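Novice: Pasting in a structure now, in C-alpha cells, and then I'll have a few things to ask.
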Amino acid sequence: MTATPKPLSIVAKCALCSTKTELFVCPHCDEVICQVCVNKHRSILNETLKEHWLKCKTKFQNLSQLSNNYDRDFGSVENEIDRIRQMLERRYLEFVQSIDNKKNTLLIQIEDHIRSTSSYVKHADLQQVFKSVHQRLNEFFQGTNTASNADDFLLEIQHLNRQINNRERFMNDDTLKYPYLTPSKPLIISDVFGELQWNSKPMPIRNSPRPLTANGHTSRNSDGWQDESSSLPDEIEQDALPAAPVMRKQRQWSLDASGVPHFLCILSKKNYLLFACDKYGCIDLYQLDGTDPSVPPRHLRQFELFSGNSSSQKPQIIEAFTVYTPFIVVSAHLSDQTDTSSVYFFDHRGIQQGETCLQNFPVRQLSADNGFKCLWGVDRHQHSVYYNQLPMNVTQIQQSIDQREEFIVFGRDFEPIRITQNQTSIAVVERNSQSVHIFDKQTKEQVDEIQNLLRTEGTFRLWNVLLRDDNSMVLKLDEDLPPYSRPQTIHHLIVELDPNGVPIAQIERTAVYGLAVGPNQEILLGCKRHQQNGSIECYI
C-alpha cells in the first residue's frame, strides 16, 4: 500500500472500529475507514509484502548460486565448444577453398586451351596488328605520319611475318582437341568435418595459442598468415589456427611472344615501355597504356642482343636482365660455362655499347637503381649483395663495373638468390631458409623478414619477389619438385601481400618465368606456351 488514502471531508463512524472521526477511502480495499485503521491495514500489507519478497529473494539467490556453479563447471566445456567451432569453420573454409581451387584450375585449363586454340584460329591479335600497320603505313606513304621511319616499319612487318608463319605452322601441325570431364566420385561429408561425439570423461587441459614468436614479433609467411606454430606447445592442434581465403586476380589480356619471356622490365620515359626478353637475348618491345591496365600494350619492335644466338651450338644464356636510361644491362654465360659471367651494355635498339665486362663469378641478378645511382648485384659464391656505380654513358661503363662495393656479406649458410628494391629498401631472397630479408639502403639494418612456410610442407618454394614503394610485395613460388625431375608443366603461385604482410590476392598458373608490376599496379607474367615461344599476361 503505497498510495495515499483520499479524505472524504466527512465525519462518521469507521466501518471497522466504529469510531466517529474523519473518514478515508482505503486505496487497497476501497472501505471507508478512519486513519488509524488505514495505518494498521497498511502495516499488515507491508509485512506480507516483505515476507513474500524475502522468499523470492532467497530463491533467486539460490538460483544465482546454482548458475554460478554451473557456469564454473561449464567453462571448460564452453572453451572446447569454441575450439570445435573454430575447427569446423577452418575445415569448412579449407574445404570450400580446395573446391574453389580445383574448379578454378580446371576452368583455367579449359580457358587456356580455348584461348590458345581460338587465338590461332580467329587471329584477332594479328588482325589488330595488321590493321595498325596498314593504317600507319598508308599515312607514312602519304606523308602525314612523321613519327615513324622506314626501319621501324620494316621491323614491324618482319615481326608480323614471323607471327603469321608460326600461326600457319601450328594450324597445319596441331590437332583440334576437345575437353572431357570424368564423372565425380561420391563424397562422404563426415570425412570432411569428422564425426561429432559427446563425451562425459574429464577433458584434457588445452592452453591458448599465443600469436608471438620467440623474438616477440609475429612473423609472416608467404601466404601472409601469421606464423604461430613456432610458439605453440606440441599438444596444441593446428586445427585451432584460423585460415582466411584471399582474392584471386583476374586475367585482363594476353599477348603472344616470339620467345619465352624469362625477363620483364618496365621503363618509364615519355611512355611506359615493356621489355620482354627470352634467355637467348631476343627482345620484344611494347608500349603500355599508363592509365588503363585493361588495354593490351602496342608492339613496337623486336630485336636481338646476340644475333643468331638461339640457333648457335654454344649459345649465350642470359642470367640477369635490367633496363634503365640509357642502357640495357645483361649478364650472360656460354651454355657450357656456368662458373663465370660476362656483363654487356646495349642501347635500347640492341646495339652493344662499350666493351664486354668479364666477371670471375656467376652474376645471377642485376637491378638498376636510378634513385641511388647504382647497379645492384648478387654474388652467390661470396654470399653477398654488392653494387657498382650506375654508368650514364659509354665512357663510364668499364670503370663502374671494375669498382665494386659490398653492401652486405652474409654467412656461409645464407645463400642469396634474388634481390628487388624500392626507393628506400632492398629485399633479398635466401634459398635455404626460404625467406625474404628486407634491409634499409642507408643503414643496412634489417627492417623485416617474411618466411615461406609452404616450403616446409613440401609444396612450393620461394624463388622471386617484387617490392613496391609502400613495402607491399609480390612473391613468386614454384612447385617443389624432386631433384632431377623434369615434369611437362610446373605449377606456380603468385601471392600479393599488403604492406603489413597480409595476403590480398593470388594467381595460380603454370610455366611462369618473367614477373613485373605495371604502372597501374597490375601484375605482368611471362609464361611459356610451347617449347620456344610463350605469352605475356596481365592480371588485375
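The values are calculated or read from the model by the stated rules, or taken from the named source; none is laboratory data. Everything quoted here is computed from the prediction, not taken from an experiment. FYI the Cβ positions are ideal-geometry reconstructions off the backbone, even for glycines, and counts take in every protein chain you see. Protein only, heavy atoms only, side chains kept; ligands, DNA and RNA dropped before computing areas. Shrake-Rupley method; radii C 1.70, N 1.55, O 1.52, S 1.80 Å.
Novice: What dipole magnitude, in Debye to the nearest 20, does region 247-539 give about its Cα centre under +1 on Lys/Arg Cβ and -1 on Asp/Glu Cβ?
Specialist: About 600 debye.
Novice: According to the square roots a ≥ b ≥ c of the eigenvalues of the Cα gyration tensor, what is the shape class of region 247-539, taking rounded for a/c under 1.5, prolate for a/b larger than b/c otherwise, and oblate for the remainder?
Specialist: Since a/c stays below 1.5, the shape of region 247-539 is classed as rounded.
Novice: Continuing with the same structure: Using the Cβ atoms and a cut-off under 14 Å, what net charge is assigned to the surroundings of ALA332, where Lys and Arg are +1 and Asp and Glu are -1?
Specialist: -2
Novice: Nearest 0.05, what FRET efficiency do LEU181 and ILE81 give at R0 = 45 Å with Cβ-Cβ as r?
Specialist: Efficiency, from the Cβ-Cβ distance: 0.65.
Novice: Between (i) 17, 31, 26, 16, 6, 3, 1; (ii) 16, 39, 20, 9, 8, 7, 1; (iii) 16, 46, 31, 6, 1, 0, which matches P(r) over Cα pairs in 20 Å bins from 0, in percent calculated for the structure shown?
Specialist: Matching the structure shown: (ii).
Novice: Quick check: from the Cα gyration tensor, does region 327-420 come out rounded (a/c under 1.5), prolate or oblate?
Specialist: oblate
Novice: Straight-line reach only, C-alpha to C-alpha below 23 angstrom: list the lysines that LYS20 could link to, leaving out same-chain residues fewer than 8 apart.
Specialist: Within the straight-line limit of under 23 Å, LYS20 reaches these lysines: LYS6, LYS40.
Novice: Under the rule of at least 5 residues apart or a separate chain, name every residue whose amide H is placed under 5 Å from the amide H of ARG301.
Specialist: The list, which skips near neighbours in sequence, is LEU285.
Novice: Still on this structure: Show that you can apply the helix-only estimate: for the chain, add -39,500 (n - 2.57) for every DSSP H stretch of four or more residues, divide by all residues, and state [θ] at 222 nm to the nearest 500.
Specialist: The helix-only estimate for the chain comes to -9500 deg cm²/dmol at 222 nm.
Novice: In addition: If you take the square roots of the eigenvalues of the alpha-carbon gyration tensor of region 273-349 and sort them as a ≥ b ≥ c, do you get rounded (a/c under 1.5), prolate (a/b over b/c) or oblate?
Specialist: In terms of gyration-tensor shape, prolate.
Novice: Ignoring the sites themselves, what is the longest stretch of the chain with no chymotrypsin sites (Phe, Trp or Tyr not before Pro) in a DSSP loop and at most 13 other beta-carbon atoms within 10 Å?
Specialist: 199-483
Novice: Suppose R0 equals 41 Å. What FRET efficiency, 1/(1 + (r/R0)^6) with r the Cβ-Cβ distance, do MET247 and GLN65 give to the nearest 0.05?
Specialist: Calculated transfer efficiency: 0.20.
Novice: If you don't mind, there's one more thing I want to ask. How charged is the neighbourhood of ILE540? Take every other residue with its Cβ under 14 Å from the Cβ of ILE540, and add Lys/Arg as +1 and Asp/Glu as -1.
Specialist: Summing Lys/Arg as +1 and Asp/Glu as -1 gives -2.
Novice: Right, next: Dipole of the chain, Cα-centred, from +1 at each Lys and Arg C-beta and -1 at each Asp and Glu C-beta, to the nearest 20 debye?
Specialist: For the chain, the charge dipole is close to 1580 debye.
Novice: Sticking with this structure for a sec: Could you check the simple spin-label distance between GLN389 and LYS373, using points 7 Å along Cα→Cβ, in nm with one decimal?
Specialist: 0.8
Novice: Starting from the Cα-Cα distance between ASP152 and HIS123, subtract it from 0.36 nm times their residue separation and give me the gain in nm to one decimal.
Specialist: Length difference between fully extended and current span is 8.2 nm.
Novice: Taking the Cβ of LYS57 as the centre, find all other residues whose Cβ is under 15 Å away and add up their charges (Lys, Arg: +1; Asp, Glu: -1).
Specialist: Taking every other residue near LYS57 into account, the sum is +2.
Novice: Which one, ALA511, TYR70, LEU497, is farthest towards the positive end of the dipole of the chain when Lys and Arg carry +1 and Asp and Glu -1 on their Cβ?
Specialist: TYR70
Novice: What distance in nm lies between label points placed 7 Å from Cα along the C-beta direction at VAL192 and GLN488?
Specialist: 3.1
Novice: Out of the total accessible area of the chain (probe 1.4 Å, heavy atoms of protein only), what percent is carbon and sulfur?
Specialist: Solvent-exposed carbon and sulfur of the chain make up 52 percent of the total.
Novice: Quickly work out the ASP498-to-ASN166 label distance, labels modelled 7 Å from Cα along the C-beta direction, and quote it in nm with one decimal.
Specialist: For ASN166 paired with ASP498, the spin-label model returns 4.0 nm.
Novice: Next question. Computed FRET efficiency, Cβ-Cβ of LYS50 and LEU88, R0 51 Å: what is it to the nearest 0.05?
Specialist: According to the calculation, E is roughly 0.45.
Novice: How about LYS177: which aspartates and glutamates have a C-alpha closer than 14 Å to its C-alpha, ignoring those fewer than 8 places off in the same chain?
Specialist: Candidates past the 8-residue exclusion: GLU111, ASP112.
Novice: Could I ask something else about it? For region 12-111, state which GluC sites (Glu not before Pro) are in a DSSP loop and have at most 16 other beta carbons lying within 10 Å of their beta carbon.
Specialist: Hits after loop and neighbour filter: GLU31.
Novice: Can I ask one more? Count the lysine pairs in region 247-539 that are 8 or more places apart or on different chains: how many have C-alpha atoms under 29 angstrom apart?
Specialist: 24
Novice: Check the straight Cα-Cα distances from LYS55 and name the aspartates and glutamates below 17 Å, setting aside those fewer than 8 residues away within the same chain.
Specialist: Result set, ordered by chain and number: GLU47.
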